[in-house]
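Participant: What follows is a single structure, and I will ask about it in a moment.
The values are calculated or read from the model by the stated rules, or taken from the named source; none is laboratory data. Predicted model, so just to flag it, every value in this text is computed and none were measured. Neighbour counts are summed over all protein chains in view; Cβ atoms, including those assigned to glycine, are modelled from backbone coordinates with ideal geometry. What goes into the accessible areas is simple: the full protein's heavy atoms, side chains included, and nothing from ligands, DNA or RNA. Shrake-Rupley method; radii C 1.70, N 1.55, O 1.52, S 1.80 Å.
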Amino acid sequence: MRITAIRRQRLQVPLDPPFPAAWDPVPRTTFAVTLVRVETDEGVVGVGSGDTMDGFEAFEHIFIGQDPLAIARHVRALETIDFHAGRYWPLEAALWDIAGQVAGLPVARLFGGALAAIAAYASCGVLMPAAERAEAALGMRDEGFRALKIRVDPRQLDDGLAAVRATRDAVGETMAIMVDLNQGWRMAGDTTPPIEWERARSIAAQLAELDVLWLEEPLDGSDLAGLAALRGAVPGIRIAGGEMTRTKRELIAAVDADAFDVHQPDVVLAGGMSTARDIAELVLAQGRWFTPHTWTNGIGLLANLHVAAGVGGGPFIEFPYDPPGWTPERRDAFLAEPIRPDRDGMLRVPSAPGLGIVLDEAAIAKYAA
């Protein structure tokens, strides 16, 4: 089998009303999606998505004519390209999609098949007043979610802590609560410095009193010593991060530093599926958690789910969800059916061979950029 073409297609899904994500400088009026289709001479087509794939045309020749199942070779090639250009890990996801189709198995089975489903946590993206966030949490619980993650802006700390406290009062012990400070990295053009270690320690201690399961990205993601020290300084709460860590060496360095209780590399943004599997095995052997970031789209969510379920990650998988601003219908507008958890809150690995992606070609044509 040989790769005959790698086709990329840009989509722009309009967002009306706009989505005011907590980490964005301005609300989003469109949702950009890049589809990657890897075609082969035997008619098997793999699909991936996640990062933008900007500039990939300069490197396409490295893969055309190659065996799509030689994934280790392709990962090494992508690592060399990552140094010079972009994060082209959606290509690897498409290759694993092909491998699963050829094997007649879900990719999670190829990665070990440890789990058939993982409990989803509702990953909220909007800063809401305390009463509204608590009410939304109750609605999510009624839908089957067993956990949710709340964004807290350190510049509006009192409001954020109030939202967490109101949510805990509303749901009691029936839901786990996580908090994300979004200090690990910045959107392009956002030059706001991350908060200092002592302030992060104070916030973590206050959240521990509210029985928060983990605190995500409380410091710059490269401050491994600071993150490890924070873990030791505040008992009763886990520290999470690593979602955009770029290289395998950096991911291993975080494991060696014992910087995180919860490791979160996103397989279509940070190092790829094969690398995430390797890191997950190290993390799990260390007694830590592997539960990846998934804020791209339904294809990226599925790629992360297959890896996490394959290796036995968890105890939760991130499910971006914060209606009405962020819904499966918006995130997965180009899929035949949006990805959703079951009514029991479990996100199940698709049984179809490959990643289990079913595209809606009419919607793709509608949203083509």
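Participant: Residues in the range 331-364, backbone N under 20 Å from the label point at residue 16 (7 Å along the Cα-to-beta-carbon vector): list them, ranges by number please.
Facilitator: Backbone N within reach: 331-334, 363-364.
Participant: Would you mind calculating the gained length between residue 54 and residue 41 on full extension (0.36 nm times residue separation, minus the Cα-Cα distance), in nm to one decimal?
Facilitator: In short, 2.1 nm is gained.
Participant: To continue, here is another question. Ordering 40, 247 by accessible area with a probe of 1.4 Å, largest first, what comes out? Please list the in-between numbers first.
Facilitator: Details: 40 15, 247 55 Å².
These residues rank, largest area first, as 247, 40.
Participant: Distance between Cα centroids, the range 126-182 to the range 195-258: provide it in whole Å.
Facilitator: Answer, in whole Å: 20.
Participant: Residues of the range 36-180: accessible area per residue at 1.4 Å, in Å²? Intermediate results must be reported in sequence, preceding the final value.
Facilitator: On the way: 5700 Å² over 145 residues.
Each residue of the range 36-180 exposes 39 Å² on average to a 1.4 Å probe.
Participant: Here's another thing I want to ask about it. For residue 32 and residue 247, FRET efficiency with R0 = 22 Å and r from the beta-carbon atoms, rounded to 0.05?
Facilitator: 0.35
Participant: So the label point goes 7 Å from the Cα of residue 329 along Cα→C-beta, right? Which residues of the range 355-369 then have their backbone N under 16 Å from it?
Facilitator: Backbone N within reach: 363.
Participant: Want the number for residue 158 to residue 5: 0.36 nm per residue separation, take away the alpha-carbon distance, what's left?
Facilitator: Values: separation 153, 0.36 × 153 = 55.08 nm, distance 5.27 nm.
Gain on extension, residue 158 to residue 5, equals 49.8 nm.
Participant: Something else about it: Could you tell me what percent of the accessible area of the chain is made up of carbon and sulfur, with a 1.4 Å probe and every protein chain present?
Facilitator: Ligands and nucleic acids excluded, carbon and sulfur reach 52 percent.
Participant: Compute the relative contact order of the chain as a whole-number percentage, counting only Cα pairs closer than 8 Å that sit 6 or more residues apart in sequence.
Facilitator: Contact order relative to length: 21 percent.
Participant: With a/c under 1.5 counting as rounded, go ahead and sort the range 169-300 into rounded, prolate or oblate using the C-alpha gyration tensor (a ≥ b ≥ c being the square roots of the eigenvalues; past the cut-off, prolate if a/b is larger than b/c, else oblate).
Facilitator: rounded
Participant: Considering the options 270, 19, 259, tell which one lies farthest towards the positive end of the dipole of the chain, charges being +1 on Lys and Arg and -1 on Asp and Glu at the Cβ, about the Cα centre.
Facilitator: Looking along the dipole axis, the top candidate is 270.
Participant: Now, a different point. Work out the length of the dipole vector of the range 217-369 about its Cα centre, built from +1 on the beta-carbon of each Lys and Arg and -1 on the beta-carbon of each Asp and Glu, and round it to the nearest 20 debye.
Facilitator: The calculation lands at about 140 debye.
Participant: Which entry in (i) 126; (ii) 160; (iii) 152 matches volume of the Cα convex hull per residue in Å³ derived from the coordinates of this structure?
Facilitator: The value computed from this structure is option (i).
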